[in-house]
Amino acid sequence: MRTTVGIIGAGPAGLLLARLLHNAGIDSVVLESRDRAYVERRQRAGILEQGTVDVLREAGAGERMDREGLRHDGIELRFDRRRHRVDFPALTGGRSVMVYAQTEVCKDLIALRIEEGGPLLFETEALAVEGADTDRPRVRFRREGVEDVLECDYVVGCDGFWGVARSAVPDGRTFERTYPFSWLGILADVAPSHDELVYARHDRGFALLSMRSPSVSRLYLQVPADTDADDWSDERIWDELERRFETDDDWTLRRGPVTQKSVTPMRSYVHEPMRHGRLFLAGDAAHIVPPTGAKGLNLAVGDVVTFARALAHRTATGSDDLLDAYSATCLRRVWQAERFSYDMTTLLHTAPDATPFEDRLQLARLDRIASSRAAETDLAEAYTGFPIG
Ligand code: RFL
Ligand code: PHB
């Protein structure tokens with residue numbers, strides 16, 4: 001098998017890249033280890049930055065998003081029983097975000113890929129990337145028990161944090177931080193209790209109210225890092241959410257049947273550089289952020305847009321300039337998202353070893369956001385997204 005761009009992984013990064021390359025007249029093959037149903041059901045991100053929304057529309061992948069996605073003009077910060085709304089358009093010159101689940105983005109991109117007839121091989125596991133520093137990099141893979149090789153001009157590793165591509169970038173440097181807590185996430189068949197996301201800081205720990213549709217809620221609770229989701233009955237989860245979202249007004253939490261429950265560890269991670277020869281890393285394969293800033297999927301989108309532009313530039317002009325700048329261009333934006341995600345995480349979670357002094361500082365930081373337009377603008381600009389490229 002031979003192609004121009006071999007793409008490992010059919011998460012949002014790999015699927016969008018295949019679409020962008022198709023639109024630029026560049027052929028690619030996508031290899032995905034899981035089956036289609038698994039990829040379409042994996043419950044993850046929910047928030048698309050303004051820039052991500054624009055990219056999906058321009059790629060011709062925004063039709064259902066525009067019909068079914070929910071435009072959000074703000075979020076609520078909740079602390080000390082107080083409620084503070086951050087108004088995105090007012091603070092950022094009109095920017096907003098879209099609530100449209102990662103599962104739906106992936107479904108839409110898979111449908112387009114099949115419609116355009118581009119190769120997308122499920123249940124096909126990449127085993128290794130070879131010859132990254134030559135003109136003919138290869139992906140060795142296994143399909144239906146048989147090993148084969150995909151010969152490429154370029155390989156893009158979009159295979160997530162646990163993939164194989166990163167190990168083919170030698171002499172890299174990694175930067176990492178783990179956190180002493182996780183998120184217990186639930187999906188519930190109940191209308192969201194608020195029309196915007198609520199990020200709550202409470203002495204008992206962080207809580208987040210999000211949504212998937214007008215009738216499906218997505219909620220998260222900070223829990224200790226070694227938590228087993230089975231230790232949390234539905235009733236215990238709702239009771240705990242209720243306490244952490246408590247306010248001085250008459251706001252109430254709506255309860256409903258829990259349809260999914262899982263624990264997500266929190267990690268900050270960056271691998272530098274994001275390129276070796278003709279192998280490029282994109283999305284979670286190169287970097288992870290804790291979900292508090294809602295940045296993971298949006299970073300993946302920025303990476304593949306940067307790669308697709310660079311390759312189209314090379315095709316049009318013969319110049320490698322943009323491909324050579326790929327890693328530095330992406331990392332600048334990645335580190336802004338790392339900073340913001342870290343700040344949001346430490347702003348809102350209670351560390352098990354936090355001192356009373358640190359608790360007071362956390363409240364002072366929240367109070368500052370609620371009372372200073374400059375501090376609030378900084379949050380709104382970062383949340384709605386940093387420019388791509
Ligand atoms: P993915 O989605 O992990 O996809 C990688 C794909 O590669 C496949 N793969 C392989 N295929 C072939 N051969 C191999 N050897 C392979 N190894 C792996 C995998 O099966 C998979 O299909 O990476 P990608 O495309 O870079 O996308 C990244 C995003 O998925 C991730 O950053 C976000 O989900 C993070 N995230 C959030 N991001 C946001 O922007 N906004 C959010 O609100 C948000 N919330 C979240 C999140 C992540 C969460 N979890 C579960 C980690 C909330 C949660 C709870
Ligand atoms: C989600 O809806 O899953 C979600 C929303 C905002 C976040 C993280 C996750 O910061």
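The values are calculated or read from the model by the stated rules, or taken from the named source; none is laboratory data. Since the structure is predicted, the reported quantities are computational estimates derived from the model, not experimental observations. Note: ideal-geometry Cβ built from the backbone for every residue, glycine included; neighbour counts use all protein chains shown.
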* Asked: Would you call R82 away from ligand 1 (no atom under 13 Å from the Cβ) and in contact with a helix residue (DSSP H, G or I) (Cβ under 7 Å, 6 or more places away or on another chain)?
  -> no
* To do: Hey, could you check segment 273-303 for residues that are over 16 Å from A337 (Cα atoms) and touching a Lys or Arg at 6+ places or on another chain (Cβ under 9 Å) and say which is surrounded by the fewest Cβ atoms within 10 Å (Cβ to Cβ)?
  => P273
* **Any hit, segment 248-264, residues being in contact with a Pro (Cβ under 9 Å, 6 or more places away or on another chain), within 14 Å of ligand 2 (Cβ to nearest atom) and either within 24 Å of S193 (Cβ to Cβ) or in the same structural domain as R44 (by TED's automatic domain parsing) (or both)** => yes
* Structure fact -> Note on segment 206-215: residues within 16 Å of ligand 1 (Cβ to nearest atom) and either buried (at least 18 other Cβ atoms within 10 Å of the Cβ) or not in a strand (DSSP E or B) (or both) are F206, A207, L208, L209, S210, M211, R212
* Asked: Is it fair to say F386 is within 16 Å of ligand 2 (Cβ to nearest atom), farther than 23 Å from A165 by Cα, surrounded by fewer than 23 Cβ atoms within 10 Å (Cβ to Cβ) and not β-branched (V, I, T)?
  -> yes
* Structure fact -> Filtering segment 178-192 for residues that are within 14 Å of ligand 2 (Cβ to nearest atom) and among the hydroxyl-bearing types (S, T, Y) leaves a count of 1
* So D203, is it outside any strand (DSSP E or B) and either closer than 26 Å to V39 by Cα or not small (G, A, S) (or both) -> yes
* To do: For segment 282-298, indicate whether the set of residues that are away from ligand 1 (no atom under 14 Å from the Cβ) and part of a helix (DSSP H, G or I) is non-empty.
  => no
* Structure fact -> Among helices (runs of 4 or more DSSP H) completely within segment 30-142, the ones holding 2 or more residues that are under 25 Å from G385 (Cα atoms) and away from ligand 2 (no atom under 16 Å from the Cβ) are 50-58, 63-68, 88-92, 102-116
* Is it the case that segment 216-231 has a residue that's within 14 Å of ligand 2 (Cβ to nearest atom) and surrounded by fewer than 19 Cβ atoms within 10 Å (Cβ to Cβ)? -> yes
